[in-house]
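One structure is given below, encoded as structure tokens.
The values are calculated or read from the model by the stated rules, or taken from the named source; none is laboratory data. From a predicted model like this one, the values you see are computed outputs, not experimental measurements. Glycine gets a Cβ as well: all are built from the backbone with ideal geometry, and neighbour counts include every protein chain shown. In case anyone asks, the SASA skips ligands and DNA or RNA and just uses the protein heavy atoms, side chains included. Shrake-Rupley method; radii C 1.70, N 1.55, O 1.52, S 1.80 Å.
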Amino acid sequence: MSANSKELLKRSQSLLALVAMVVALSLLSDKFLTFANGRNILLQISVNLCLSIGMTLVILTGGIDLSVGAILAFAGAFAAGLLKNGLALKAFGVVLQFTPFGAIVAGIVVGFALGWFNGIVITRFKLPPFVATLGMLSIARGLTMLWTGGFPITDLGPQFGFIGAGFFLGVPMAVWISAALVVIFVVISRRTILGRYIYAVGGSEKASAFSGLNVNRIKIWVYALGGALAAVAGLIVTARLDAADPKAGLGYELDSIAAVVIGGTSLSGGRGSILGTVLGCLIIGVLNNGLFLLNVSPFWQQVVKGFVILAAVAIDRTNKAER
Amino acid sequence: MSRILKWVVMLIALAVICRAFPLFHVVSLKTAAAKNAAQKFDAATFAENFWTEKLLPAADKAVNADVLLAAIQQHLAAAKTNYARSPGMGDSYIYFLRGEGKVVSIAGDEIFLVVSESATNAEIVLETGLIFGNTLRDGTGLLSASDYPDSQDFNDIAAALNKIVETRVLPKLRASAKIGAKISFAGCAEIDDESTDLKPLKIIPIQAEVQ
């Protein structure tokens, strides 16, 4: 096999794995390869896809974000609270009654702010991303409990619910939103200066700093974008359930890291792509769906998913060593 | 200068967007409070009306205790099919029954009754302690969860009905029940575990008259 063919094979590993899984599951279950099931898989991965796009940017800079699940919960609850109860400004004797659009904007802004705070803590106080975002995980979970009082906020109305449970041209809105985000962030990562800087910082932070890049500012932007994307995921989850559950998003950060790693993004930064992450999300989604259709116990599904992640990291390490 | 212009253009664009798609409406606290009060579901008032207008009249149509006990004795599955109601997705079910029985013993928050003359052991227990759960709300089939988009409202109805029983039915019953007295009763019995909940049937009473 020529060097070029070998390289092409390495680059297509995730895609080949996905194709192999689709073929195998189509043979094993007659319910797998149907339009309804395909739409179902896309709907199921849409939340993880939103989280994983942000996680990809963070991991590309050589960082990690463990707080996305908690930010998802807080942003969803924050928006739901504003929509349901408004924001009372007692000093002025008024209440700001948020429209669905206003609640969505507020949710995204709060997610962006929490991600920005992550970036500040990591760059200004030089805390390892693992520790800083672990702290944010706890902060955001606590804020969610304080905001909701520990109870779900329900009955948010059909206008807000449309982004999570609505359809456009027969496709769920959540799928449209995640697809739009994929397109936007593929363009950002490939065609903009910010995208190039993100890869540069992940490739070598020192070299980037020496060549005049404001590394801290790039990292803050990346974490802030990650927070905003987690907020979008939170809004979708909340709209879909017509309720903000204070315990939403538990463990979602691990699923998003898994999707990024399976998609071929290197945990040490500088290498990977948003499209690879899309493949990673699809692999996890197809795996979950296929194992469910084959009546495999959820406990075994966890075990299988764990092995797939280990295999993906092992392949990444082997490729890196060969280089 | 060009930078200032850029910011001005951005602010104008933002203002236009916010004008077209308002983020929020400013309402006075008084107006908002009045609107909230009008919209808020009043579980206590609802339960009060439901109690007098629907639940107590429905007691006349509940299955007779002696009929139900005989049916359970003969064929449990048939008794369940004919007389029970399964409110949720779990295995538990509820009987709505009425009848008359003689007090054979009183222990703590429980009054033990026999319904048939030939019975040697208590067949019915009237619960007289604190009431928890959704048995009263779900036991008659008069209320459906699908009518309440906010599940909290539906939960509040259960709590309000339990409170009515605790404050109106149980104090009188506790005060007047004596061994040997006859009590006519109506209420709901939830069966979670058939091995323990059927003999005797544990009833949350909605009516209890000591004769």
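Brief remarks on what is shown
- Restricting the first member to region B:98-110 and to residues that are open to solvent by 40 Å² or more (accessible area, probe 1.4 Å), and the second to residues that are hydroxyl-bearing (Ser, Thr, Tyr), the beta-carbon pairs closer than 7 Å and six or more apart or on different chains are B:Glu100/B:Ser184; B:Asp109/B:Thr128; B:Glu110/B:Thr128.
- Criterion: touching a Cys at 6+ places or on another chain (Cβ under 6 Å) and either of a type outside the set (A, V, I, L, M, F, W, C) or within 17 Å of A:Ile71 (Cβ to Cβ) (or both) - qualifying residue of A:Leu250, A:Leu229, A:Leu254, A:Leu225: A:Leu229
- Scanning region B:121-160 for residues that are closer than 23 Å to B:Asp91 by Cβ and assigned to a helix (DSSP H, G or I) turns up B:Thr135, B:Leu136, B:Arg137, B:Asp138, B:Gly139, B:Ala145, B:Ser146, B:Ser151, B:Phe154, B:Asn155, B:Ala158.
- Look at (1) touching a strand residue (DSSP E or B) at 6+ places or on another chain (Cβ under 8 Å); (2) of a type in the set (Val, Ile, Thr); (3) farther than 23 Å from B:Leu76 by Cα and you find that B:Ile124 fails only one, number (3).
- Count of region B:141-159 residues, restricted to those that are closer than 17 Å to B:Ala189 by Cα and open to solvent by 70 Å² or more (accessible area, probe 1.4 Å), is 1.
- Close pairs (7 angstrom Cβ cut-off, 6 or more residues apart or separate chains): under 24 Å from A:Ile104 (Cα atoms) in region B:1-22, among the charged types (D, E, K, R) and at pLDDT 90 or above anywhere: none
- Qualifying residue in region A:141-155 (condition: within 19 Å of A:Leu43 (Cβ to Cβ) and touching a strand residue (DSSP E or B) at 6+ places or on another chain (Cβ under 8 Å)): no
- Matching option when the condition is more than 14 Å from chain B (Cβ to nearest Cβ), of a type outside the set (D, E, K, R), under 21 Å from the mean Cα position of the chain (by Cα) and more than 24 Å from A:Gly38 (Cβ to Cβ), among A:Ile177, A:Ile220: A:Ile220
- The set of residues in region A:85-108 that are in a helix (DSSP H, G or I) and either in contact with a helix residue (DSSP H, G or I) (Cβ under 6 Å, 6 or more places away or on another chain) or within 10 Å of chain B (Cβ to nearest Cβ) (or both) comprises A:Asn85, A:Lys90, A:Phe92, A:Pro100, A:Phe101, A:Gly102, A:Ala103, A:Ile104, A:Val105, A:Ala106, A:Gly107, A:Ile108.
- Tally of residues being outside any helix (DSSP H, G or I) and under 20 Å from A:Gly38 (Cβ atoms) across region A:267-294: 1
- Residues within region B:98-120 that are in a loop (DSSP other than H, G, I, E, B) and over 16 Å from B:Ala189 (Cβ atoms), tallied: 6
- Criterion violated by B:Ser86 - all others in (1) at pLDDT 90 or above; (2) surrounded by 12 or more Cβ atoms within 10 Å (Cβ to Cβ) satisfied: (1)
- Pairs where the first residue, in region B:133-149, is within 14 Å of chain A (Cβ to nearest Cβ) and the second is part of a loop (DSSP other than H, G, I, E, B) and open to solvent by less than 50 Å² (accessible area, probe 1.4 Å), C-beta under 8 Å, 6+ apart: none
- Selection count, region A:192-243, where residues are β-branched (Val, Ile, Thr) and closer than 23 Å to A:Gly161 by Cα: 4
- When restricted to residues that are of a type outside the set (Asp, Glu) and open to solvent by less than 60 Å² (accessible area, probe 1.4 Å), region B:160-200 contains 23.
- The listed residues are A:Ile262, A:Ile283, A:Ile274, and the only one of them that is farther than 19 Å from A:Val22 by Cα and touching a Ser or Thr at 6+ places or on another chain (Cβ under 7 Å) turns out to be A:Ile274.
- Here A:Leu66, A:Leu25 are screened, and the one residue that is assigned to a helix (DSSP H, G or I), touching a residue at least 12 places away in the same chain (Cβ under 8 Å) and out of contact with any Lys or Arg (no Cβ under 6 Å at 6 or more places or on another chain) is A:Leu25.
- Candidate set: region A:118-134, residues that are in contact (Cβ under 8 Å) with a residue 24 or more places away in the chain and open to solvent by 30 Å² or more (accessible area, probe 1.4 Å); chosen: the one nearest to A:Lys219 (Cα to Cα): A:Ile120
- For region A:148-170, the set of residues classified as within 12 Å of chain B (Cβ to nearest Cβ), open to solvent by 20 Å² or more (accessible area, probe 1.4 Å) and part of a loop (DSSP other than H, G, I, E, B) consists of A:Gly149, A:Phe151, A:Pro152, A:Asp155, A:Gly157, listed by residue number.
- Sole residue being open to solvent by less than 50 Å² (accessible area, probe 1.4 Å) and touching a strand residue (DSSP E or B) at 6+ places or on another chain (Cβ under 9 Å), chosen from A:Ala174, A:Ala243, A:Ala200, A:Ala228: A:Ala243
- Helices (runs of 4 or more DSSP H) fully within region B:1-91 counting 2 or more residues that are within 14 Å of another protein chain (Cβ to nearest Cβ): B:2-20, B:29-39
- Of all residues in region A:267-319, those that are without any contact (Cβ under 8 Å) to a residue 12 or more places away in the chain and not charged (D, E, K, R) total 15.
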